[in-house]
1. Tell me, yes or no, whether the stretch 20-27 has at least one residue that is within 12 Å of the ligand (Cβ to nearest atom), loosely packed, with under 13 Cβ neighbours inside 10 Å, outside any strand (DSSP E or B) and touching a residue at least 12 places away in the same chain (Cβ under 8 Å).
2. Show me the strands (runs of 3 or more DSSP E) entirely contained within the stretch 33-112 in which 1 or more residues are in contact (Cβ under 8 Å) with a residue 40 or more places away in the chain, touching a strand residue (DSSP E or B) at 6+ places or on another chain (Cβ under 6 Å) and under 24 Å from Y12 (Cα atoms).
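Just so it is clear, none of the values below were taken in a lab; they were calculated from the coordinates. The model shown is predicted, which means the values in this text are computed figures rather than measured ones. Please note: Cβ atoms are built from the backbone with ideal geometry, for glycine as well, and neighbour counts cover all protein chains shown.
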Amino acid sequence: MNKVGSSTTWVYVADEESIPFGEGRRVRWKDLELALFRSPAGWFALDNACPHRQGPLADGIVAGKAVFCPLHSWKISLENGCVLSGGEGKVKAYPVKFEEGRVYIAFEEEKA
Ligand code: FES
């Protein structure tokens, strides 16, 4: 089967009140586990695995537009998933939208 493109699917993942300001939560979609963050700077989503040793970023400390991994404190951008300090690497970041108290994450789906 050949891939001929992809499409974006917005998936409802959480209600606004389920995540306090400055915290993250694990969310799942299909075989993916993501970390959804409610920062004072907005909503952000990353794969829930630190590029260092797969630490659970959803349990990290949120500071502005970054999260500190709970295992060894690497600082990771919530905007693009790039490691900002502590080491090198990147984790996948996902678009997030917020509408009427509901949070959605955009996923790319391959079309056959
Ligand atoms: S696993 Fe995240 S900093 Fe080590």
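1. Within the stretch 20-27, not a single residue is within 12 Å of the ligand (Cβ to nearest atom), loosely packed, with under 13 Cβ neighbours inside 10 Å, outside any strand (DSSP E or B) and touching a residue at least 12 places away in the same chain (Cβ under 8 Å).
2. Because the criterion is at least 1 residues that are in contact (Cβ under 8 Å) with a residue 40 or more places away in the chain, touching a strand residue (DSSP E or B) at 6+ places or on another chain (Cβ under 6 Å) and under 24 Å from Y12 (Cα atoms), the strands (runs of 3 or more DSSP E) in the stretch 33-112 that meet it are 42-47, 61-63, 66-68, 96-99, 102-111.
Residues are listed down the side, and each one gets a yes or a no for (1) more than 9 Å from the ligand (Cβ to nearest atom); (2) over 19 Å from E16 (Cα atoms); (3) of a type in the set (S, T, Y):
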| residue | (1), (2), (3) |
| --- | --- |
| R53 | no, yes, no |
| V62 | yes, no, no |
| K65 | yes, no, no |
| H72 | no, yes, no |
| N80 | yes, yes, no |
| G87 | no, yes, no |
